[in-house]
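The values are calculated or read from the model by the stated rules, or taken from the named source; none is laboratory data. Only a predicted model underlies this, so the values are computations on that prediction, with no experimental measurement involved. Neighbour counts run over all protein chains shown; Cβ positions are idealised from the backbone, glycine included.
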Amino acid sequence: MTDFLQLVIAGTATGGCYALAALGFTLLWQASGTINFALGEMVMLPAFMMLFFMSVLGLPLPLAFLATLALSLLVMGYGFKRVVVDPLIRHDVITLVIATLGLSIGVRQAVKGVASAQVFTFPSVFSDTLLTIGGVRVSAGDIGTVVVACTIVLALQAFLNRTVTGRAMQAVAQNRDAATVLGIKVERMVLYAFLINAALAAVSALLITPVYLAKFDMGDTLGLKAFYAAIIGGFNNSRGALLGGVLVGVLENLVGTYISPGYKEGVALVLFMVVIVFRPQGLLGTVEERKV
């Protein structure tokens, strides 16, 4: 039982990392009605930014993160919206999806060309201390990751549902024309969504990279699992991203230990297929009509 609980806790921490990335999908869909399949690469880029600031400029991790956060807001928030999304979203969502898929490949190859295919270690923001709780040994990093992920997901859910700005962002996603008539600053609300998404990507990189390691293709698997987690939990529910991510992380650990490590990578896909067949809106999602 002790080993089982340790696997569940470690899987929950990994799932929390997936959840933060999945939150990027749900946020952009809820607040701007767009989908970004370059999300995995947008988590990978801040990881290499932080490595650059630490190894080349000699900044400590906290300062490197703050510098990366500012750069992420500028490039992956404001820049991505203005250069990629604005020119394409006026056509349709499919055009944007295809563009972000192409962007993900381009960014991946560009990072490979600059940083090579080498794998880089990344320091953890949490200590390596092992804690014993009820006979179960868990790392401070696992606990810290779970706490941060849960706090961010719940805070964002509260922001979207209980603040005027959050509700305005969702109204824009539902119907831009009606939102404009109501006096909502549509472009500003959409920009907020992309800025928050960029900040989430930077935080995700800080928590995920110590486990995944910094490599040019780390966003490939991460982006796919985050997308599965978002669908599993419910694409229109921020808490669903947390549930989907945790389910994937825990089941991966259990299957890899008790069945076979070879089946571990297929867990997210199988769970996704089961949910999409029996509950297409996701475990916590609701059926809704959306103008696209």
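The table below lists the values:
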{"quantity": "Selected residue [assigned to a helix (DSSP H, G or I), in contact with a Leu (Cβ under 9 Å, 6 or more places away or on another chain) and of a type outside the set (Val, Ile, Thr)] from 73, 5", "calculated": "73"}
{"quantity": "Any hit, the stretch 276-291, residues being surrounded by fewer than 23 Cβ atoms within 10 Å (Cβ to Cβ), aliphatic (A, V, I, L, M) and either closer than 30 Å to residue 117 by Cα or in contact with a Phe, Trp or Tyr (Cβ under 9 Å, 6 or more places away or on another chain) (or both)", "calculated": "no"}
{"quantity": "Odd one out for residue 264, checked against (1) of a type outside the set (Ser, Thr, Tyr); (2) buried (at least 20 other Cβ atoms within 10 Å of the Cβ); (3) touching an Asp or Glu at 6+ places or on another chain (Cβ under 7 Å)", "calculated": "(2)"}
{"quantity": "Scan of the stretch 20-41 for residues that are farther than 19 Å from residue 145 by Cα, part of a helix (DSSP H, G or I) and either touching a strand residue (DSSP E or B) at 6+ places or on another chain (Cβ under 9 Å) or of a type in the set (A, V, I, L, M, F, W, C) (or both), ordered by number", "calculated": "25, 27, 28, 29, 31, 39"}
{"quantity": "Test result for residue 62, more than 15 Å from residue 223 (Cα to Cα), assigned to a helix (DSSP H, G or I), at pLDDT 90 or above and of a type outside the set (A, V, I, L, M, F, W, C)", "calculated": "yes"}
{"quantity": "Segments classed as helices (runs of 4 or more DSSP H), wholly inside the stretch 184-292, with at least 1 members that are within 30 Å of residue 53 (Cβ to Cβ) and of a type in the set (Asp, Glu)", "calculated": "218-233"}
{"quantity": "Top-ranked residue in the stretch 152-179 [being of a type in the set (S, T, N, Q) and at pLDDT below 85; ranked as farthest from residue 36 (Cα to Cα)]", "calculated": "161"}
{"quantity": "Segments classed as helices (runs of 4 or more DSSP H), wholly inside the stretch 92-175, with at least 2 members that are loosely packed, with under 12 Cβ neighbours inside 10 Å, aliphatic (A, V, I, L, M) and without any contact (Cβ under 8 Å) to a residue 12 or more places away in the chain", "calculated": "93-115"}
{"quantity": "Among (1) surrounded by fewer than 16 Cβ atoms within 10 Å (Cβ to Cβ); (2) within 21 Å of residue 46 (Cα to Cα); (3) without any contact (Cβ under 8 Å) to a residue 60 or more places away in the chain; (4) not hydrophobic (A, V, I, L, M, F, W, C), the one test that residue 87 misses", "calculated": "(2)"}
